[in-house]
Amino acid sequence: MEVLVVVKEFTLNRCPSRLAGQMMTPDRGFLLRSHLPARSPSPVRLNKETALQKYLLIAVGGAFGSIARYWVGSTVAGRMGTRFPFGTFIINMTACIILGFSLTYLGKRTGMDPAWRFLIAVGFIGAYSTFSTFEWETLSTLRSGAFALAGLYAAGSLILGLAGTWLGALLAEAIS
């Protein structure tokens, strides 16, 4: 419970909006301070508290995302079987919807703290989404000789993933 209080305080009060554009990229603050000549301009200088805050938000979001991924994947696989990777497919589709929604919603709510992006988009979705698993399962399906099934899975993931991302963005625009 104490961790949630810390996360809430950081999330609501302390993430500078100038960091929002770096949401999906690695922290370059250390690199800029430590490895470039002193006169090189730095677009963003991160203090230790801001860096700690960002990594804490990503870690907490990642913890929840990985637990959600395991639960959804195993629940779906238990109910629908494993011949077709329904668990990974559903995880990827819901991740697209959540990502499309959260980035659109947070982008339109300029008054909201950009720290939510680290918590949701980078942390939660980063751990929840399963692109590498998708690729492995596609390869495994191809290797087993089920070419049509592999094609259906790959095409369905691409088309429905794009549609899910669009749907999430439309939902966020509708309520904004």
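Which residue out of Ile98, Ile120, Ile125, Ile91 is free of Cβ contacts under 8 Å to residues at least 60 places away in the same chain, buried (at least 19 other Cβ atoms within 10 Å of the Cβ) and closer than 19 Å to Leu160 by Cα?
Going through Ile98, Ile120, Ile125, Ile91 in turn, just one is free of Cβ contacts under 8 Å to residues at least 60 places away in the same chain, buried (at least 19 other Cβ atoms within 10 Å of the Cβ) and closer than 19 Å to Leu160 by Cα: Ile91.
So for region 113-133 (the condition being more than 17 Å from the chain's Cα centre (by Cα) and closer than 25 Å to Trp71 by Cα), does at least one residue qualify?
no
Scan region 26-77 for residues that are at pLDDT below 75 and part of a helix (DSSP H, G or I) and jot them down.
Hits for region 26-77 are Gly29, Phe30, Leu31, Leu32, Arg33, Ser34, His35.
The values are calculated or read from the model by the stated rules, or taken from the named source; none is laboratory data. Owing to the predicted nature of the structure, the values given are computational and were not obtained by experimental measurement. With ideal geometry, Cβ positions are generated from the backbone for all residues, glycine too; neighbour counts draw on all protein chains shown.
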